[in-house]
Amino acid sequence: MDFLQWLFEARLDFGNGQFLLFREVLGNVFGLLSALGGMRRRIWAWPVGIAGNVLLLTVFLGTLFGNPESVDLLGQAGRQVMFMATAVYGWVRWSQAKSSNGTAVEPEWASWGTRALLLVALLGGTAVLTPIFRALGSYEPVWADAWIFMGSLLATYGMAKGWVEFWLIWVAVDIVGVPLLLSAGYYASAFMYVFYGVFTLIGFFVWMRVRRRRIHDQEVAAVRVETAHLDPTIRRD
């Protein structure tokens, strides 16, 4: 209990009412580790991410968890719950697909139809959630909070499915998230969003390169099989 009390109360004050919660920093560190695990396609990315989600949930519902100086970001808080639910799905799916080399999923490009659905879901979901979050008292501009929530939902689902494009959805989330978090006073999260933006671009190119290498290896293997079929004297190993 002493540790939990310290965890909830630990913060760094900058004066003029500005402060930084240790929970916010720690939650974002877990989020970064989860993103690193996702880029390497490791199953442990999901439980590590859940731990960070729990911590950040207590941060973005600041007034509920005893931080009267904080403002509530309902979209940010809601997405932590969404993350945990989606992480369970991703955890199970990656566990079932785990290969002998420890990687859990093979990156694939989404179809054009799926890409269109993702875009419609992002824009439509933002439009639907904005008045709901505003009625619940979320921080302005509420559309940005709704955009972050929907983008995070779609990106996490895309990661679970193994779509390369999920990294680009994160970039769209980060672009909107940085100014929103700065204006709300969540400086640690805003800084991490900047870092995430760079990291997600790297992750996109890493997954794209993995996808290209796998296609190349499959083409080479197919050529070898065809050549061996035409000339039985050629070894197939």
field: Stretch gain in nm, segment Tyr89-Phe191, where the contour uses 0.36 nm per residue and the Cα spacing is subtracted
entry: 33.9 nm
task: Summarise the accessible area of the range 106-168 (1.4 Å probe, protein heavy atoms) by the percent that is carbon and sulfur.
output: 77 percent
- request: Leaving ligands, DNA and RNA out of it, rank Tyr193, Tyr139 by accessible area with a 1.4 Å probe, largest first.
  value: Tyr139, Tyr193
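Counting Lys +1, Arg +1, Asp -1, Glu -1, what net charge surrounds Leu181 among other residues with beta carbon under 11 Å of its beta carbon?
-3
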- prompt: Peptides 143-150, 119-126, 89-96: what's the order by average Cβ count within 10 Å, highest mean first?
  reply: 143-150, 89-96, 119-126
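The values are calculated or read from the model by the stated rules, or taken from the named source; none is laboratory data. Everything numeric here is computed off the predicted structure, so don't read it as measured data. All Cβ positions, glycine included, derive from the backbone under ideal geometry; neighbour counts span all protein chains shown. Surface accessibility is based on the protein's heavy atoms, side chains included, excluding ligands, DNA and RNA. Shrake-Rupley method; radii C 1.70, N 1.55, O 1.52, S 1.80 Å.
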